[in-house]
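In what follows, a single structure is set out as structure tokens and then discussed.
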Amino acid sequence: VRAQKDLGADLIIPLDELPPFHTRPRDLVRSVAMTHRWEARSLRTHLDDVRQQAMLGVVHGGIDPTMRQWSADYISSLPFDGFAIGGSLGRDTAELTGILDNVMPRLNAASSSSSSSSSHRKPVHLLGVGDEASIRLAATKGLDTFDSCFPTRIGRHGTALVHHQEGAEGGNKDGRGDDASTYKGSGRINITNRRFKTQYREVLDPTCDCHVCRQGFSRAYLHHLFKAREPLGHQLLAIHNLRYMNNLMARIRSAIWRDEI
């Protein structure tokens, strides 16, 4: 915590333990209890020297509903500035949905009861989730912010996020599955595919306003960079994918303002 204070972090996440998915129940209880102790100590250190910084309390418990409820109730009883949902978030969309449906009402109720305004609640962050389908789903559950290496990681492997077009792969390839009600209008292309070798005029996504697409870097050129193992290819796809995700979040915010979410 002191290191994050000295770095000037705006949002501080306390140290926690992330047990593997198949942790035995007794080990999960031990892990969550230890994380709770660490978080309480971290919060005391934060409150001793706030510095206009905020700290989020992290809810753990894996996919065990009882453990999640225990963690949500304990963390929300402490004066954190907001909350984060961490730990194992399940193998697929169904398990992620179950965790959010279990935890979010408890966090919302706790933060609303501690506020003078019934319409105010503390923000909730979803840790380590960054694919489009999961973000769209989580936004409907009331999650506010997200973090993930997903857009840059897939970019390093040659995958670009694009608005759905001919030849783009639809669907969610990160293991969470698709949800037709939340996954709309997107796809992916793998620029290492040989069919892009001669696409000299086409950019990654003609509807995209990122630097890569606006400057006219062709699919053929990007294909060449990856085949030649040039690091520039990784950088350009990272720029494109991050802009795609920024635009996605802007669309989600607009939908919230229009009461569509």
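Of all residues in segment 241-261, those that are in contact (Cβ under 8 Å) with a residue 24 or more places away in the chain have Cβ atoms under 6 Å from Cβ atoms of residues that are among the polar types (S, T, N, Q) and surrounded by 12 or more Cβ atoms within 10 Å (Cβ to Cβ), 6 or more apart or on another chain, in I261/T140. Looking at S77, S88, S71, just one residue is hydroxyl-bearing (S, T, Y) and surrounded by fewer than 19 Cβ atoms within 10 Å (Cβ to Cβ), and that residue is S77.
Where helices (runs of 4 or more DSSP H) fall wholly inside segment 156-261, the ranges with 1 or more residues that are of a type in the set (V, I, T) and at pLDDT below 95 are 231-257. Answer yes or no: is there a residue in segment 1-23 that is more than 23 Å from R136 (Cα to Cα), free of Cβ contacts under 8 Å to residues at least 60 places away in the same chain, among the aromatic types (F, W, Y) and open to solvent by 30 Å² or more (accessible area, probe 1.4 Å). No, every residue in segment 1-23 fails to be more than 23 Å from R136 (Cα to Cα), free of Cβ contacts under 8 Å to residues at least 60 places away in the same chain, among the aromatic types (F, W, Y) and open to solvent by 30 Å² or more (accessible area, probe 1.4 Å). The C-beta contact set for segment 31-50 (first residue closer than 14 Å to P79 by Cβ and of a type in the set (F, W, Y), second residue at pLDDT 95 or above and open to solvent by 10 Å² or more (accessible area, probe 1.4 Å), distance under 6 angstrom, 6+ apart or interchain) is empty.
Residue count for segment 24-54, restricted to those that are among the acidic types (D, E) and open to solvent by 70 Å² or more (accessible area, probe 1.4 Å): 1. Criterion applied to F146, F150 was being modelled with pLDDT of 90 or more, under 21 Å from N190 (Cα atoms) and among the hydrophobic types (A, V, I, L, M, F, W, C), and the one residue passing it is F150.
The values are calculated or read from the model by the stated rules, or taken from the named source; none is laboratory data. Since we're looking at a predicted model, the values are computed, not measured. Cβ atoms come from the backbone with ideal geometry, glycine included; neighbour counts cover every protein chain shown. Heads up: the accessible areas ignore ligands, DNA and RNA and are worked out on the full protein's heavy atoms, side chains in. Shrake-Rupley method; radii C 1.70, N 1.55, O 1.52, S 1.80 Å.
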